[in-house]
């Protein structure tokens, strides 16, 4: 076990890249793709840092769609089509959601084990703060994960 300090996850208001986690038995990548251009509200986030990350999202920002719990892999790319707004049905008024649409499949899903094994990604929030459901992704991380997943990052830029 390493004794080096873990970097804290950062909110990057200027980051056009994100990672959004979903349990595939609740809302899968296939379900997201089936919504088409109308997209889907990203609801159910109950963590303040994750909510604040959604508040920082802009229309057109791109994100990795990550299957958590089952599969534990990045399976696709989504685009933010509606910025943060109060989550319908949240009586507390604390929680918000964004709306996303599916952009494309990863040519090759990128597993959590693959990410952890890549030293270029050792500071990625997926490694350092695995429980956070909505995470900022740096441009360098975006390019590397796209490369690992068989996608040209130049064709998928925020």
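The values are calculated or read from the model by the stated rules, or taken from the named source; none is laboratory data. This one's a predicted model, so the numbers in the text were calculated from it and none came from an experiment. Reconstructed Cβ throughout: ideal geometry from the backbone, glycine too, with neighbour counts over all protein chains shown.
Structure summary
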{"read-out": "Selected residue (only one of 80, 110 is surrounded by 15 or more Cβ atoms within 10 Å (Cβ to Cβ), within 18 Å of residue 134 (Cα to Cα), in contact with a helix residue (DSSP H, G or I) (Cβ under 6 Å, 6 or more places away or on another chain) and in contact (Cβ under 8 Å) with a residue 12 or more places away in the chain)", "value": "110"}
{"read-out": "Meets criteria (surrounded by fewer than 19 Cβ atoms within 10 Å (Cβ to Cβ), free of Cβ contacts under 8 Å to residues at least 24 places away in the same chain and under 24 Å from residue 157 (Cα atoms)) for residue 116", "value": "yes"}
{"read-out": "Any hit, region 10-28, residues being modelled with pLDDT under 95, on the phi > 0 side of the Ramachandran plot and outside any helix (DSSP H, G or I)", "value": "no"}
{"read-out": "Near pairs, Cβ below 8 angstrom, 6+ apart or cross-chain, from region 47-70 (modelled with pLDDT under 95) to any residue that is crowded, with 17+ Cβ neighbours inside 10 Å and not in a helix (DSSP H, G or I)", "value": "69/24; 70/24"}
{"read-out": "Subset tally (residues that are assigned to a helix (DSSP H, G or I) and in contact with a strand residue (DSSP E or B) (Cβ under 7 Å, 6 or more places away or on another chain)) for region 118-158", "value": "6"}
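This table checks each residue for (1) assigned to a strand (DSSP E or B); (2) over 15 Å from residue 24 (Cα atoms).
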| site | (1), (2) |
| --- | --- |
| 75 | yes, no |
| 91 | no, yes |
| 99 | yes, yes |
| 106 | yes, yes |
| 113 | no, yes |
| 116 | no, yes |
